[in-house]
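Okay, structure first, notes after.
The values are calculated or read from the model by the stated rules, or taken from the named source; none is laboratory data. In this text, all values refer to a predicted model and were calculated from it rather than measured experimentally. Cβ placement follows ideal geometry from the backbone for every residue including glycine, while neighbour counts extend to all protein chains displayed.
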Amino acid sequence: MARLNINGKIHNIDVEPDTPLLWAIREQIGLTGTKYGCGVAACGACTVHVDGVPTRSCSLPVSSFTEKQKIVTIEGLSKTVTHPIQKAWLELDVPQCGYCQSGQIMAAAALLVKHPEPTDAQINEEMSNICRCGTYNRIRAGVKLAAKNAKGAKSNNKAQRA
Amino acid sequence: MTIAQKLSRRGFLAGAAVATGGLSIGFHIPTAEAAVGDTPEINAWVVVKPDDTVVIRVARVEMGQGTLTGLAQLVAEELDADWSKVTTEYPTPGQNVARKRIWGDFQTAGSRGIRGSEDYVRKGGAAARLMLMQAAANQWKVPVGEVTTSKGVITHKASGRSLRYGKVALAAGKLEAPKDVKIKDPKDWTIAGKPLPRLDTKAKLDGSQIYSIDFKMPGMLNAAIKETPVPGGKVKSFDAAKAEKMRGVKKVLVIDGNAVVVVADTWYRAKTALDVVNIVWDEGANASVSTASIKAMLTEGLDAKQAFVGNKKGDVETAIAGATKKVEAVYRYPYQHHMTMEPMNATAQWTPDKCMVWTSTQNAEAALATAVPASGLPIEKCDVIRMNLGGGFGRRSSSHDYVRQTVLVAKEMPGTPVKLIWSREQDVTHGTYHPTTMCKLTGALDDKGNVVGLHMRISGQSILAGLRPEALVEGRDPGTFQGLNAQGPEGQFGYEIPNLLVDHAMRNPPFRPGFWRGVNNNQNSIYLECFIDEMAHAAGQDPLEFRRKMMKNYPKHLAVLNTVAEKSGWGKPTAPGVFRGISQHMGYGSYVAAVAEVSVSDKGALKIHRIVAATDCGHVVNPQQVAAQIEGSFAYGLSALLYGEMTVKNGRMEQENFDTYEVMKMADMPPVESYPVPSGGFWGGVGEPTIFVAAPAVLNAIFAATGKRLRDVPLKNFDLRKA
């Protein structure tokens, strides 16, 4: 039995404790946006946020989580596909096949929190998810566009408050 | 009896010539009379709903390359549709069979998605427009010549009347299809040719896009599989006592004599149980094969007497014997894996009356042709529903082994839908690998440094021999010579060399080869373009000028070469420590060239600073997606150059996952400046061609930087420090 807080909802899951979080999310909760790519934390397709930290869910068992940890999957990133990263991805047509993009988007969203104005070196370091279609340059451009838009939105908010 | 023979006996046989990598691959799909159904369609390509939604049928498959959007643009263009109302759908191969292959070929490979179907899909859109116009004219009782169309609206200017397509679609669908259909001149395009956003992006941003691996059905079970690690091996025995007692496990079985399958309620339980099944393999004849034994086999072919000829001109032997300077080199290209992000998988449901398959495939007709014999049912009782692909790259066209296995398992559990997912380890060790070849090149230079002779002896694996031996032409695999043929719209050797011989000693190791994005162009372009560079240096000439001298009769090849030379600033100074390399190639109907700028540190670390790439694909349907394909081609091609190698030990592939089979990540990815330079008058592909120039441009730049000529792949195996 595991109790997991996923996308703001507590789920009681009847699985073996060594079941990886990825497979609990996909097969028990039924959210399939988080992808299986390698099972060994090498590709990043399974990236989710755990208390805001990008985490490769394929290699951590459900037993290592408590209900106090807030797990967010791609389905829970925003209600209407309006996270700055999602908007930038849409504007630049970042995805090709799209299979890795849930993980890329989750990694990029966490990157923006850590580095609101990321440098190329920071993008290289934080964005280590694999994309076989080769969307890397558009991902880079998407991260920068999202950072720019988020900054713009922030200063707009400030201006409105002032 | 094979399925093809069975069908042939019943008089239904139609040879479906399916082009893959420039080759004609025959598989057999029958045609039969069948009801068209009650779909409110105007024709096979276009459905207009009462609310004006335009559904464009797409026969090829979207796997990331943008074909879905591009083909819809072409149809919508001829239809004068309102682009904001356009959606798409895939017909099934069963429907295609029932309608005498009205949608043509489903194969999505060989960079053919657009170029292989642009003509008939455009005509399909144009015909539907004429029918809509006729239906409106009939309603208004005016001559059809007086009505016009724009953005989904038909107008009769004289009377000031107009109708939206949705209002006359039903009537239009009942009209006879026009026989003579004219299509637009690309210069008049307003939807095609424009950098429109893809139709399928949004669902890829919130996890809502359903890939094959995500497909669910009520009551569905999940299966995991372990197949013999040695090609040709069998299951000798297995002990599933422990696995069978594990939670959720429903069945443990052997299929095809060479694989053990566990079926459980969830896939993770199936996989966990499979891990504790003790399997003893009968390894068969290939248990001692190694990378070294394969290399020895190929090396022998480099000087073997018997070889298939691909391109021959003049007398190369005499030219080499009389050369002022002889240049010689041996190159090698290893086995590589496709590494699609989504591992192979399929879902099947079998009953004595029906076998349905849901899967990601590059060729749903071939998937159906695989499912039918596995199901034991007639083709009329089988169908394949296409799911979104998490990458294809040729793997999902080379073999539908995963479909066969899924159907075999489902057949053991009648009525129960079963999804079989290959673990990444099963996937990597049971690929259809990029074939391994070697090439010995001998060049003859005269006293002015002109190339007067070139012999390219390729030795190595034939894809056809491994996948479809019946398609060999008197033993010869024409695909081996991709990009090296004397002529043809598919890929033409781009240099004037008076004495030339390109031949192939076929040597087939036991590992199954496949069509791997770019296919044989990948290594052929390295062999030729790096060796041209070697000869240029031997002649003491600039590699660009050396090429240009031999390209006067190849203006399209030359034009893309000139584009990258100009855009990269070839001949002008680079930043300190940065060096350039250049290459050109023609394949899949397109002309491509690239310049790479690299530096190599004192410690041998390679940095690719910049790529400049040009592609002449004749016509561009969506410039931003062509640019995406060019960029992606460098990620794919440079991954192969930097990291790509499957090694063999004790008859087994040694790499099993992304941790041991590395691919390029963000930090490796160079900026790519892409220049689509469509010259019109022909249709070339874009999904693969630019891959061909990625590796040779970088290798030539590494030579410029270090004086080291690397003739083997991948670079991770070599010390790049200065010679």
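The single residue among A:68, A:79 that is in a loop (DSSP other than H, G, I, E, B) and touching a residue at least 24 places away in the same chain (Cβ under 8 Å) turns out to be A:68. Here the stretch A:82-125 is the region considered, the condition is being acidic (Asp, Glu), out of contact with any Gly (no Cβ under 9 Å at 6 or more places or on another chain) and not in a loop (DSSP other than H, G, I, E, B), and the residue that is nearest to the other protein chains (Cβ to nearest Cβ) is A:125.
Of the set (1) in a helix (DSSP H, G or I); (2) hydroxyl-bearing (Ser, Thr, Tyr); (3) touching a helix residue (DSSP H, G or I) at 6+ places or on another chain (Cβ under 7 Å), all apply to residue B:639 but (3).
Give me the residue from the stretch A:49-65 that is hydrophobic (A, V, I, L, M, F, W, C) and in a strand (DSSP E or B) and, out of that set, nearest to residue A:116 (Cα to Cα). Top of the filtered list is A:53.
So which of B:144, B:181 ends up being under 34 Å from the mean Cα position of the chain (by Cα), surrounded by fewer than 19 Cβ atoms within 10 Å (Cβ to Cβ) and without any contact (Cβ under 8 Å) to a residue 60 or more places away in the chain? Just one listed residue meets the conditions, B:181. The residue of the stretch B:402-425 that is surrounded by the most Cβ atoms within 10 Å (Cβ to Cβ), among those that are in a strand (DSSP E or B) and within 14 Å of chain A (Cβ to nearest Cβ), is B:420. Return only the number of the condition from (1) crowded, with 21+ Cβ neighbours inside 10 Å; (2) not in a loop (DSSP other than H, G, I, E, B) that residue A:144 does not satisfy. Against the list (1) crowded, with 21+ Cβ neighbours inside 10 Å; (2) not in a loop (DSSP other than H, G, I, E, B), residue A:144 comes up short only on (1).
Checked against (1) within 10 Å of chain B (Cβ to nearest Cβ); (2) aliphatic (A, V, I, L, M); (3) in contact (Cβ under 8 Å) with a residue 60 or more places away in the chain, residue A:150 passes all but a single condition, namely (1). Scanning the stretch A:84-97 for residues that are buried (at least 20 other Cβ atoms within 10 Å of the Cβ) and either among the polar types (S, T, N, Q) or in contact (Cβ under 8 Å) with a residue 60 or more places away in the chain (or both) yields A:84, A:85, A:86, A:88, A:96. Of everything in the stretch B:79-106 that is of a type in the set (Phe, Trp, Tyr) and farther than 23 Å from residue B:190 by Cα, the residue that is surrounded by the most Cβ atoms within 10 Å (Cβ to Cβ) is B:106. Of all residues in the stretch B:426-441, those satisfying the criterion of being buried (at least 21 other Cβ atoms within 10 Å of the Cβ) and not in a loop (DSSP other than H, G, I, E, B) are B:426, B:427, B:428, B:429, B:433, B:434, B:437, B:438, B:439, B:441. Whenever a residue of the stretch B:80-94 is free of Cβ contacts under 8 Å to residues at least 24 places away in the same chain, it has no partner that is among the hydrophobic types (A, V, I, L, M, F, W, C) and buried (at least 20 other Cβ atoms within 10 Å of the Cβ) lying with C-beta atoms less than 9 angstrom away and at least six residues away or across chains.
Restricted to the stretch A:20-48, and to residues there that are part of a helix (DSSP H, G or I) and within 7 Å of chain B (Cβ to nearest Cβ), the residue that is nearest to residue B:428 (Cα to Cα) is A:23.
Selection within the stretch B:494-553: residues that are without any contact (Cβ under 8 Å) to a residue 60 or more places away in the chain and among the acidic types (Asp, Glu). The member of this set that is nearest to residue B:289 (Cα to Cα) is B:496. Counting only residues that are surrounded by fewer than 24 Cβ atoms within 10 Å (Cβ to Cβ) and more than 14 Å from chain A (Cβ to nearest Cβ), the stretch B:654-711 holds 19 of them.
Checked against the criterion of being crowded, with 19+ Cβ neighbours inside 10 Å, more than 9 Å from chain A (Cβ to nearest Cβ), closer than 20 Å to residue B:392 by Cβ and in contact (Cβ under 8 Å) with a residue 40 or more places away in the chain, the candidates B:618, B:651, B:644 yield just one match: B:644. Kindly check whether there is at least one residue in the stretch B:226-240 that is closer than 19 Å to residue B:346 by Cα, surrounded by 17 or more Cβ atoms within 10 Å (Cβ to Cβ) and more than 13 Å from chain A (Cβ to nearest Cβ). Looking for residues that are closer than 19 Å to residue B:346 by Cα, surrounded by 17 or more Cβ atoms within 10 Å (Cβ to Cβ) and more than 13 Å from chain A (Cβ to nearest Cβ), one finds at least one in the stretch B:226-240, hence yes.
Scanning the stretch B:661-698 for residues that are under 30 Å from residue B:424 (Cβ atoms), hydrophobic (A, V, I, L, M, F, W, C) and either in a loop (DSSP other than H, G, I, E, B) or touching a residue at least 40 places away in the same chain (Cβ under 8 Å) (or both) yields B:663, B:664, B:669, B:672, B:686, B:691, B:692, B:694, B:695, B:698. Criterion applied to B:264, B:241 was being over 33 Å from the mean Cα position of the chain (by Cα), outside the structural domain of residue B:511 (by TED's automatic domain parsing) and without any contact (Cβ under 8 Å) to a residue 24 or more places away in the chain, and the one residue passing it is B:241. Here the stretch B:262-297 is the region considered, the condition is being in a helix (DSSP H, G or I) and in contact with a Ser or Thr (Cβ under 7 Å, 6 or more places away or on another chain), and the residue that is farthest from residue B:425 (Cα to Cα) is B:294.
If a residue must be touching a strand residue (DSSP E or B) at 6+ places or on another chain (Cβ under 9 Å) and either away from chain A (no Cβ under 14 Å) or surrounded by fewer than 22 Cβ atoms within 10 Å (Cβ to Cβ) (or both), how many such residues does the stretch B:312-357 contain?
Qualifying residue count, the stretch B:312-357: 32.
Listed by position, the strands (runs of 3 or more DSSP E) enclosed by the stretch B:160-250 that each have at least 3 residues that are over 30 Å from residue B:512 (Cβ atoms) and of a type outside the set (Asp, Glu) are B:161-164. Filtered by the rule that a residue be surrounded by fewer than 16 Cβ atoms within 10 Å (Cβ to Cβ) and more than 9 Å from chain A (Cβ to nearest Cβ), the stretch B:196-219 gives B:217, B:218, B:219. The number of residues in the stretch B:699-723 being charged (D, E, K, R), within 20 Å of residue B:334 (Cβ to Cβ) and outside any helix (DSSP H, G or I) comes to 5.
If you go through the stretch B:705-714 and keep only what is under 13 Å from residue B:581 (Cβ atoms) and either modelled with pLDDT under 95 or in contact with a helix residue (DSSP H, G or I) (Cβ under 9 Å, 6 or more places away or on another chain) (or both), you end up with B:708, B:709, B:710.
Name the residues in the stretch B:162-171 that are of a type in the set (A, V, I, L, M) and under 15 Å from residue B:148 (Cα atoms), would you? Listed by number, the residues that qualify are B:163, B:168.
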